[in-house]
Amino acid sequence: MMKCLKTGTFLLALMSSVSAHAASVYVENIKVEGLQRVEPETVLSYVTVQKNSLADSAALDESLKQLYDTGLFNDVSLNMLQNGTLLIQVEENPVINQVLFDGNDKVDDEMLESEVRLAPRSTYSRSKVQEDVQRILEVYKRSGRYAAVVEPQIIKRDQNRVDLIFKIDEGPLASIDKINFIGNSHYDHDDLQEVIMSKESRWYRIFSSSENYDADKTNYDKELLRRFYYKRGYADFRVVSAVAELSPDKKSFVLTYVLDEGKRYKVRGIDVVSEIADVKAEDYKKYIELEVDDWFNNDAVEKSVTAITDELGKKGFAFVDVEPEYIKNTLTGDVDIVFRINEGERIFVDRINISGNTRTHDEVIRREMRIEEGDAFNVSKIRDSRRNIEGLDYFSKVDISTTPKDANKADLDINVEEKSTGYFNVGVGYSTVNGMLVQAGVTENNFRGLGQRLSLDGSVSERSQEYGLSFTEPYFLDRRLRAGFDLFRTEDDYQDESSYDSSTNGGRLRLGWNYTDDLSQQVRYTLREDKIENVGRYASKYIKDEEGSYVDSSVGQTIAYDKRDSMINPKDGYYLSFGNDVSGLGGDERYLKFDGKAYRYYTLADDYTFKFFANGGYIVGYDKEDVRLPNRYYLGGATLRGFDVAGIGARDKYTRDALGGNWMLYTGGEVSFPIGLDEVGIKGRTFVDMGMLGKPDNMNSDDIEYSSSPRVSTGFGFQWLSPMGQIDVDFGFPIVKEDYDETQVFRLNFGTRL
């Protein structure tokens, strides 16, 4: 306002002077007043008017503007004196003595100092301060605090200096209040919520950053959704828009993803075409991981591209580019895939640069790379490397870009943004098997920034106590070997079923590896002490004979083939595993044990998922040793619904104690379906279970009740993916059973099953 008044006064005087002197004034001399630090020559260098010259209003106004634009002055005025002198009066802006930040607990001073432009010994101006206020607010927006308030304050010092203080009210993190999906007809809200990184705000996510809004995370969610649909045949899928609406109080967001699922395609034809004279296309068809009549799967296409590229590399064709071409029929939902082998540009990787990983060691990222420094540039391997790094689940963002160096070299620049990899869980509940229970655990998936996994868990209920410590090194001896150990202690009350209590203390060493992405194997050594105690006075003689402690030393292995679309909530695919254990490497136990599992999943329209399963096992003692109680098989409760825990199998005629069995078969089918409670993660299901249990070898048939005939039950229930883990509620009704079997209609259980 002061500037406007003074400028206006001057211009009025100038206009009257101009009208009287042919539209100009004669400036005989220029005088500058009010300077403290700035030299007069500096002021004159910005003035367009010269001594002993005519000046019009435009020239004088331009001089005034340029002096203000320097940022050196808080106020400037021009006055024409009677003697022909142009008087320039200035008030210098103060110099900043120091810049301070107050109230910033979540963002440190170093971060804010790197963002603001004003610094000690720079010139203070209100416009520059407001620009820095906006920069600070932008820092807080990037960290999810959209309600932050920044108020600049100054403290005047001597010699026209000031201390600049940014008073900061950081405000709360802007959480995601609601996530909406529009246009999704084949997958429901819960399915898609599992896919993306952004999560709706819930009380149990207090240790997670997934519920905090982040624009970069939302963009990455779009890519995750694309991959999810492309893997399941929806080759035309696209995210139409992803909109984040900030609440009026700036404390929460509503995210809305508008989707176009498009047609689901089946593979009608597959071909390989080579544009390189020395490469025969027919030789590379066997490396394609898709077959005719399969649903289109972009992951399988990318694996095929990688396999063909790798095989060409082994044969000396380092510079090739394998590109898949899709020929779609949108009417029939068919797609032909042509893999074209072309000559690639001859470029080598010079350096691999990694940034953004403040906690995670470089080697954790480098070992996931499928390309190394000096290798031929390979788009397929770079794509696989990015997928591997993202699969670690340590980063909210992974960007890989290239920087050309010279004619045939380029750098790979990997920029990551780390996220929280540790979590704490606690739960309180009730189970019909174990009564009231409390469970808690803490897990760190990137321990010490080395990619190691460390977890500590415990649960206490009316009938059992379990404690465990687990550690896994994913790259043992710098190879793709998963090595780890487990320490455990359990205490169980089997008084109702078998008139005794049991406790186990022990540990396990394990080593695992993958032959392919789907085929894996694990070997293990287990050493534990089993104790049978508190045997009831009227317990079965077979239980009394086993009272005491026994050491079990065993070695075993499990090989698994997993083709499920998800390990957490599978809807399609299958899982097969076979394992065996040999006990007798010292200790008291002598047995051979074999276990197999098979699961198959199908999903039809409207989210109806069919699961068929079969579990089998056989254990036999050797060297004249019997199989003791803790190592036998039991069916009932969570296995074979409709029957009580250890509800079927051999039972003492007189004491009714369950004695377990030396072989078992548990199979059946289950259909899960939506019941309108998808928002809270609850689904309905109906099932048919069938189980058979063989008697222990050391049992006298005159003392026990036993039949190996199948038991069958049917029923319905609910599954809730709760904050405390999976909770199952089932109502089972036996339709084939023996008179001495123990049944259980209602079952409430905590935990997860395949």
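The values are calculated or read from the model by the stated rules, or taken from the named source; none is laboratory data. Note that the structure is predicted; figures quoted are calculated from it, not measured. Ideal geometry is used to build each Cβ from the backbone, glycine not excepted, and the neighbour counts take in all protein chains shown. Each accessible area value is taken on the protein alone, full model and side chains, heavy atoms only, with ligands, DNA and RNA left out. Shrake-Rupley method; radii C 1.70, N 1.55, O 1.52, S 1.80 Å.
Would you check if residue 335 is surrounded by fewer than 17 Cβ atoms within 10 Å (Cβ to Cβ), among the aliphatic types (A, V, I, L, M) and at pLDDT 90 or above? Step through it out loud before you land on a result.
Working: surrounded by fewer than 17 Cβ atoms within 10 Å (Cβ to Cβ): no; among the aliphatic types (A, V, I, L, M): yes; at pLDDT 90 or above: yes.
So residue 335 does not fit the description; no.
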Criterion first (of a type in the set (Asp, Glu) and open to solvent by less than 20 Å² (accessible area, probe 1.4 Å)) does residue 652 satisfy it? yes
I need the strands (runs of 3 or more DSSP E) fully contained in the range 581-698, keeping only those with at least 2 residues that are on the phi < 0 side of the Ramachandran plot and aromatic (Phe, Trp, Tyr). 591-604, 608-621, 663-674
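What are the residues in the range 341-356 that are assigned to a loop (DSSP other than H, G, I, E, B) and of a type in the set (A, V, I, L, M, F, W, C), if any?
So in the range 341-356, the residues assigned to a loop (DSSP other than H, G, I, E, B) come out as 344-347, 356.
Within the range 341-356, 347 is the sole residue that qualifies.
If you go through the range 298-326 one residue at a time, how many are in a strand (DSSP E or B) and touching a residue at least 40 places away in the same chain (Cβ under 8 Å)?
Residues flagged as in a strand (DSSP E or B) and touching a residue at least 40 places away in the same chain (Cβ under 8 Å) within the range 298-326 amount to 4.
Between 580, 569, which is under 26 Å from the mean Cα position of the chain (by Cα) and either free of Cβ contacts under 8 Å to residues at least 12 places away in the same chain or surrounded by fewer than 19 Cβ atoms within 10 Å (Cβ to Cβ) (or both)?
On the way: 580 fails: under 26 Å from the mean Cα position of the chain (by Cα).
569 is the lone residue from the list that is under 26 Å from the mean Cα position of the chain (by Cα) and either free of Cβ contacts under 8 Å to residues at least 12 places away in the same chain or surrounded by fewer than 19 Cβ atoms within 10 Å (Cβ to Cβ) (or both).
Report yes if some residue within the range 489-501 is outside any helix (DSSP H, G or I) and loosely packed, with under 15 Cβ neighbours inside 10 Å; otherwise report no.
Within the range 489-501, the first condition is being outside any helix (DSSP H, G or I), and the residues that meet it are 489-494, 499-501.
Still in the running and loosely packed, with under 15 Cβ neighbours inside 10 Å: none.
No, that holds for no residue.
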So which residues in the range 704-743 are open to solvent by 30 Å² or more (accessible area, probe 1.4 Å) and in a loop (DSSP other than H, G, I, E, B)? 706, 708, 709, 710, 723, 724, 737, 738, 739, 742
From the list 414, 371, 400, 389, exactly one residue is among the β-branched types (Val, Ile, Thr), part of a helix (DSSP H, G or I) and either modelled with pLDDT of 85 or more or open to solvent by 20 Å² or more (accessible area, probe 1.4 Å) (or both). Which is it? 389
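Only one residue in 733, 687 is under 30 Å from residue 184 (Cβ atoms), within 42 Å of the chain's Cα centre (by Cα) and either modelled with pLDDT of 90 or more or not charged (D, E, K, R) (or both), so which one is that?
Details: 733 fails: under 30 Å from residue 184 (Cβ atoms).
From the options 733, 687, the qualifying one is 687.
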Considering only the range 529-565, how many residues are out of contact with any strand residue (DSSP E or B) (no Cβ under 6 Å at 6 or more places or on another chain), buried (at least 17 other Cβ atoms within 10 Å of the Cβ) and among the small types (Gly, Ala, Ser)? 1
Residue check: is residue 381 open to solvent by 70 Å² or more (accessible area, probe 1.4 Å) and either at pLDDT below 90 or farther than 30 Å from residue 468 by Cα (or both)? no
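If you go through the range 249-262 one residue at a time, do you hit one that is among the polar types (S, T, N, Q), over 30 Å from residue 309 (Cα atoms), surrounded by 16 or more Cβ atoms within 10 Å (Cβ to Cβ) and modelled with pLDDT under 90?
Step one: of the range 249-262, the residues among the polar types (S, T, N, Q) are 252, 256.
Among the residues that remain, those that are also over 30 Å from residue 309 (Cα atoms) are: 252, 256.
From what is left, the residues that are surrounded by 16 or more Cβ atoms within 10 Å (Cβ to Cβ) are 252.
From what's left, modelled with pLDDT under 90: 252.
Yes.
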Any chance you could count how many residues in the range 663-701 are within 25 Å of residue 629 (Cβ to Cβ) and either among the hydroxyl-bearing types (Ser, Thr, Tyr) or open to solvent by less than 10 Å² (accessible area, probe 1.4 Å) (or both)? 8
Quick check on my filter: what residues within the range 565-580 are in contact with a Lys or Arg (Cβ under 7 Å, 6 or more places away or on another chain) and assigned to a loop (DSSP other than H, G, I, E, B)? 565, 570
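Would you confirm, using the coordinates I've provided, whether residue 253 is farther than 14 Å from residue 176 by Cα and under 23 Å from the mean Cα position of the chain (by Cα)? Quick ask: steps written out before the conclusion?
Details: farther than 14 Å from residue 176 by Cα: no; under 23 Å from the mean Cα position of the chain (by Cα): yes.
Considered against the rule, which asks whether it is farther than 14 Å from residue 176 by Cα and under 23 Å from the mean Cα position of the chain (by Cα), residue 253 comes out as no.
Here is a check on your reading of the model: is residue 359 open to solvent by 60 Å² or more (accessible area, probe 1.4 Å), within 26 Å of residue 224 (Cβ to Cβ) and in a loop (DSSP other than H, G, I, E, B)? Break it down into steps so the answer makes sense when it comes.
Details: open to solvent by 60 Å² or more (accessible area, probe 1.4 Å): yes; within 26 Å of residue 224 (Cβ to Cβ): yes; in a loop (DSSP other than H, G, I, E, B): yes.
Judged against the criteria, residue 359 is a match.
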Return the residues of the range 118-157 that are of a type in the set (Phe, Trp, Tyr) and free of Cβ contacts under 8 Å to residues at least 60 places away in the same chain; say none if nothing qualifies. 124, 140
Could you say which residue among 591, 634 is in contact with a Gly (Cβ under 6 Å, 6 or more places away or on another chain), buried (at least 20 other Cβ atoms within 10 Å of the Cβ) and within 30 Å of residue 519 (Cβ to Cβ)? 591
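Any idea which residue in the range 583-625 is farthest from residue 184 (Cα to Cα), counting only those that are within 36 Å of the chain's Cα centre (by Cα) and of a type in the set (Lys, Arg)? Working first, answer last.
Start the filter on the range 583-625 by keeping residues that are within 36 Å of the chain's Cα centre (by Cα), which leaves 594-617.
Right, trim to of a type in the set (Lys, Arg) and you get 597, 600, 611.
Numbers: 597: 34, 600: 25, 611: 23 Å.
Step by step, filter the range 583-625, then rank; the result is 597.
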Conditions (1) of a type in the set (Lys, Arg); (2) at pLDDT 90 or above; (3) over 28 Å from the mean Cα position of the chain (by Cα); (4) under 30 Å from residue 379 (Cα atoms); number of the one not met by residue 489: (4)
Conditions (1) modelled with pLDDT of 85 or more; (2) part of a helix (DSSP H, G or I); number of the one not met by residue 67: (1)
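Just one of 212, 184 is polar (S, T, N, Q), in contact with a strand residue (DSSP E or B) (Cβ under 7 Å, 6 or more places away or on another chain), modelled with pLDDT of 85 or more and within 28 Å of residue 398 (Cβ to Cβ); which is it?
184
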Qualifying residue in the range 225-235 (condition: under 29 Å from residue 106 (Cβ atoms), at pLDDT 85 or above, of a type outside the set (Gly, Ala, Ser) and out of contact with any helix residue (DSSP H, G or I) (no Cβ under 7 Å at 6 or more places or on another chain)): no
